[in-house]
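J.: Next up is a structure, given as structure tokens.
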Amino acid sequence: MYELRKLVKDILIRMYDAEHLNCFAQDFDTRFDVYQLTGFSKKIPVPRQIALDCLFRHFSKEEQLVDMVSLLFANDEHFLYESRVRIPNKEKIIRNLKAKNWIYDEVMRRFKRDQAVKQSADWGFMRDGEEYQLCFASVDIVGNSQIVQSNVRVDVENTYSRLRSYIYKHIENHNGRIWYWHGDGGLAVFHDYSGIGNSMLAMITILSHLPVFNLCENELNPDTDIRLRIGINYGSAVYSSDTSKITSTDLALAEEVEKHDASPNSIAVTNVVYQYLSQEIRRYLTLKKERGDIKIYQYQVI
């Protein structure tokens, strides 16, 4: 990223003095203090080049550099910290980032990883420590313990591996991501409220095609079908690149709904999810139970 770093430095050093560079850096880390990091007293102006070098030492990761470029692009030809942002070599910067699988999203006004090259659990734009609105779908194999005890180990491993691939395919076809999978179940995530409809369509598709999976991919005993329980809730979580460690009360509710309210081969959804669904999908759901402010609706495969 040497060339890109040099291009960004050239833009910043023409636009800002040390004080404004400090403001720019604090947009990414409120703890950044150019005076403390360089050892200069606030009574003595920090030389611009020293402040710039300090900023790039502090933000040395590729993702941090890309975030800086995103902020500059989002404000191109506008004022940011009292200076008009002007980006020379804009196409050169875009080409440089594209070569490293970053593309500019005009709607979100930021660079993100090109998902056409490699699917990632953060969709290319999520950052560690930031909170996002998400739709959580918890998936679990019904009767896992009995399946493991009554079937040959290699048959279980083969069937579960194929099931995981089958579920991954349908999740990603609806722009979702699997955040973790633990053999007998896991968590799928869909971004923002627009992902709620996608999550339902993905899960309905998974359950609808499950008989075909059992006929063609299931290596378990002839009388043992794979059945699934699914719970869906909408809310928020703070993102971490180690997705297996992400927790939130809204995520936990999706898992709780799946365990306690979903029948075999059904989808249990909270009222938060229900209110965002289209009428076409709602007509397939029935109110199953109420727990205080939480209402649970169920989609059941006939």
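The values are calculated or read from the model by the stated rules, or taken from the named source; none is laboratory data. All of these numbers come straight from a predicted model, not from anything done at the bench. Note that we place each Cβ from the backbone using ideal geometry, even for glycine, and neighbour counts take in every protein chain shown.
J.: Within segment 23-43, how many residues turn out to be of a type in the set (Val, Ile, Thr) and surrounded by 13 or more Cβ atoms within 10 Å (Cβ to Cβ)?
T.: Counting residues in segment 23-43 that are of a type in the set (Val, Ile, Thr) and surrounded by 13 or more Cβ atoms within 10 Å (Cβ to Cβ) gives 2.
J.: Assigned to a helix (DSSP H, G or I), under 26 Å from residue 145 (Cβ atoms) and modelled with pLDDT of 95 or more - does that describe any residue in segment 193-205?
T.: Yes; the residues of segment 193-205 include at least one that is assigned to a helix (DSSP H, G or I), under 26 Å from residue 145 (Cβ atoms) and modelled with pLDDT of 95 or more.
J.: Continuing with this model, one more query. Residues in segment 99-152 that are on the phi > 0 side of the Ramachandran plot and either among the charged types (D, E, K, R) or touching a Phe, Trp or Tyr at 6+ places or on another chain (Cβ under 9 Å) (or both): how many?
T.: So the count comes out to 3.
J.: Check whether at least one residue in segment 244-261 is in a loop (DSSP other than H, G, I, E, B), touching a residue at least 40 places away in the same chain (Cβ under 8 Å) and small (Gly, Ala, Ser), and report yes or no.
T.: Checked against the condition, which is being in a loop (DSSP other than H, G, I, E, B), touching a residue at least 40 places away in the same chain (Cβ under 8 Å) and small (Gly, Ala, Ser), segment 244-261 yields no hits at all.
J.: So which helices (runs of 4 or more DSSP H) are wholly in segment 1-120 and hold at least 1 residues that are more than 30 Å from residue 172 (Cα to Cα) and at pLDDT below 85?
T.: 2-15
J.: Given the residues 230, 267, which is the only one that is over 21 Å from the mean Cα position of the chain (by Cα), surrounded by 12 or more Cβ atoms within 10 Å (Cβ to Cβ) and aliphatic (A, V, I, L, M)?
T.: When all the criteria are applied, what remains is 267.
J.: Report yes if residue 262 is crowded, with 20+ Cβ neighbours inside 10 Å, closer than 27 Å to residue 148 by Cβ and at pLDDT below 95, otherwise no.
T.: It is true that residue 262 is crowded, with 20+ Cβ neighbours inside 10 Å, closer than 27 Å to residue 148 by Cβ and at pLDDT below 95.
J.: Just checking, how many residues over segment 208-224 are in contact with a helix residue (DSSP H, G or I) (Cβ under 8 Å, 6 or more places away or on another chain) and either crowded, with 17+ Cβ neighbours inside 10 Å or in contact (Cβ under 8 Å) with a residue 60 or more places away in the chain (or both)?
T.: Adding up the residues that qualify gives 6.
J.: Out of segment 153-190, which residues are crowded, with 16+ Cβ neighbours inside 10 Å and either among the hydrophobic types (A, V, I, L, M, F, W, C) or not assigned by TED's automatic domain parsing to the domain that holds residue 222 (or both)?
T.: Answer for segment 153-190, where residues must be crowded, with 16+ Cβ neighbours inside 10 Å and either among the hydrophobic types (A, V, I, L, M, F, W, C) or not assigned by TED's automatic domain parsing to the domain that holds residue 222 (or both): 156, 163, 167, 171, 178, 179, 181, 187, 188, 189, 190.
J.: Pairs under 6 Å by beta carbon, first residue in contact (Cβ under 8 Å) with a residue 40 or more places away in the chain in segment 195-207, partner surrounded by fewer than 24 Cβ atoms within 10 Å (Cβ to Cβ) and hydroxyl-bearing (Ser, Thr, Tyr), six or more apart or different chains?
T.: Here the result reads 196/276, each pair linking segment 195-207 to a residue that is surrounded by fewer than 24 Cβ atoms within 10 Å (Cβ to Cβ) and hydroxyl-bearing (Ser, Thr, Tyr).
J.: All but one of (1) outside any helix (DSSP H, G or I); (2) basic (Lys, Arg); (3) more than 19 Å from residue 258 (Cβ to Cβ) hold for residue 169; state the number of the condition that does not hold.
T.: Condition (1) is where residue 169 drops out.
J.: Among the listed residues 285, 251, which satisfies the condition of being touching a helix residue (DSSP H, G or I) at 6+ places or on another chain (Cβ under 8 Å), assigned by TED's automatic domain parsing to the domain that holds residue 226, of a type in the set (A, V, I, L, M, F, W, C) and buried (at least 18 other Cβ atoms within 10 Å of the Cβ)?
T.: Going through 285, 251 in turn, just one is touching a helix residue (DSSP H, G or I) at 6+ places or on another chain (Cβ under 8 Å), assigned by TED's automatic domain parsing to the domain that holds residue 226, of a type in the set (A, V, I, L, M, F, W, C) and buried (at least 18 other Cβ atoms within 10 Å of the Cβ): 285.
J.: Here's another thing I want to ask about it. Can you name the residue in segment 125-152 that is assigned to a strand (DSSP E or B) and of a type in the set (Gly, Ala, Ser) and, of all such residues, is surrounded by the most Cβ atoms within 10 Å (Cβ to Cβ)?
T.: If we take residues in segment 125-152 being assigned to a strand (DSSP E or B) and of a type in the set (Gly, Ala, Ser), then 137 is surrounded by the most Cβ atoms within 10 Å (Cβ to Cβ).
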